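The values are calculated or read from the model by the stated rules, or taken from the named source; none is laboratory data. Values in this document were obtained by computation on a predicted structure and should not be read as measured data. Every residue, glycine as well, gets a Cβ built from its backbone with ideal geometry; the counts of neighbours run over all protein chains shown. Just so you know, the surface numbers come from the protein's heavy atoms only, side chains and all, with ligands and any DNA or RNA stripped out. Shrake-Rupley method; radii C 1.70, N 1.55, O 1.52, S 1.80 Å.
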Amino acid sequence: MPSKAPSHRQERVAQEIRFYVSSTLMRGDIPPLYTEDGELMALPTTVTITDIKVSPDLKHATLYVMPLGGEHQEDTIAFLKASTGYFRKELSQKLQLRVVPKLSFQIDLAFEATKKIEDLFRKIEK
C-alpha cells in the first residue's frame, strides 16, 4: 500500500519548523546546555536540515539532519535532542497552532545510501 502524500497543511507546518529551527541554529541562539556530568554541550558543526516529516495530526515532527561533512553525528544528535524543549518553546510563540509538534531529530541516512549506490555504479563502470 503506497504511503499517502503529505497534506498542504503538513507541508506548510514543516516549512515553518524548518525556517525557525534552521535560523535559530544559524544564529546560535540556543541557551547553554549541560550534560548530566555538568559539562557544557555545544553543537560540534554546522547542521543541514534535509527533510521534515510531520504527522497527519500535526502532533509529531521528525527532522532529518546531516552535520557538515557527515562528521560528529552522535554529538550533533545528542545536542539537538537536548535542545528540543527550547525549540518547542520557541515554536509555540511563533507558530499559529493549537498544539506544537513534539520534535525528534534523526540523521538522514539517504546520503549514505546514495553514496553506496554511486560506489556500486563506479565498480560496474570499471
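Every helix of 4 or more DSSP H residues in the chain counts as -39500 (n - 2.57), and over all residues that averages to -14500 deg cm²/dmol at 222 nm.
Per-residue SASA remark: Ser7, around 50 Å² accessible (1.4 Å probe; ligands, DNA and RNA not included). Rolling a 1.4 Å probe over the protein heavy atoms leaves Leu109 with an accessible area of roughly 110 Å².
Between amide H atoms placed 1.01 Å from N, distances below 5 Å from Asp51 occur with Tyr64, all of them 5 or more places distant or on a separate chain. Given a 1.4 Å probe and the protein chains as shown, Ser92 ends up with an accessible area of around 60 Å². Using only the Cα atoms of the chain, each taken as one equal point scatterer with no solvent, compute I(q) by the Debye sum, divide by I(0), and report log10 of the ratio at q = 0.11 Å⁻¹. Debye curve over Cα of the chain, log10 I(q)/I(0) at q = 0.11 Å⁻¹: -0.45.
Using only side-chain charges placed at the Cβ, +1 for Lys and Arg and -1 for Asp and Glu, the dipole size of the chain relative to its Cα centre rounds to 700 debye.
Enumerate by residue number the GluC sites (Glu not before Pro) in the stretch 1-82 meeting two conditions: DSSP loop (anything except H, G, I, E, B), and at most 13 other Cβ atoms within 10 Å of the site's Cβ. Of the GluC sites (Glu not before Pro), the ones in loops of the stretch 1-82 whose Cβ has at most 13 other Cβ atoms within 10 Å are Glu36, Glu39, Glu71.
Pairs of Lys residues in the chain, spaced 8 or more positions apart or belonging to different chains, with C-alpha separations under 12 angstrom: 4 in total. Largest GNM mean-square fluctuation among Thr84, Thr114, Thr76, using the chain with Cα springs under 10 Å: Thr114.
Computed from the Cα positions only, the extents of the stretch 64-125 along the three principal axes stand at 54, 24, 14 Å, in decreasing order. Projecting the Cα positions of Ser92, Ile117, Leu40 onto the charge dipole of the chain (unit charges on Cβ atoms of Lys, Arg, Asp and Glu, taken about the Cα centre) puts Ser92 furthest along the positive direction. Expressed as a whole percent, the accessible surface of the chain that belongs to carbon and sulfur atoms is 54, based on a 1.4 Å probe.
Membrane-span-like helices in the chain, defined here as complete DSSP H runs extending at least 18 Å along the helix axis by their C-alpha atoms with mean Kyte-Doolittle hydropathy no lower than -1.0, are 8-27, 110-125; this is a sequence and geometry rule, not a statement about a membrane.
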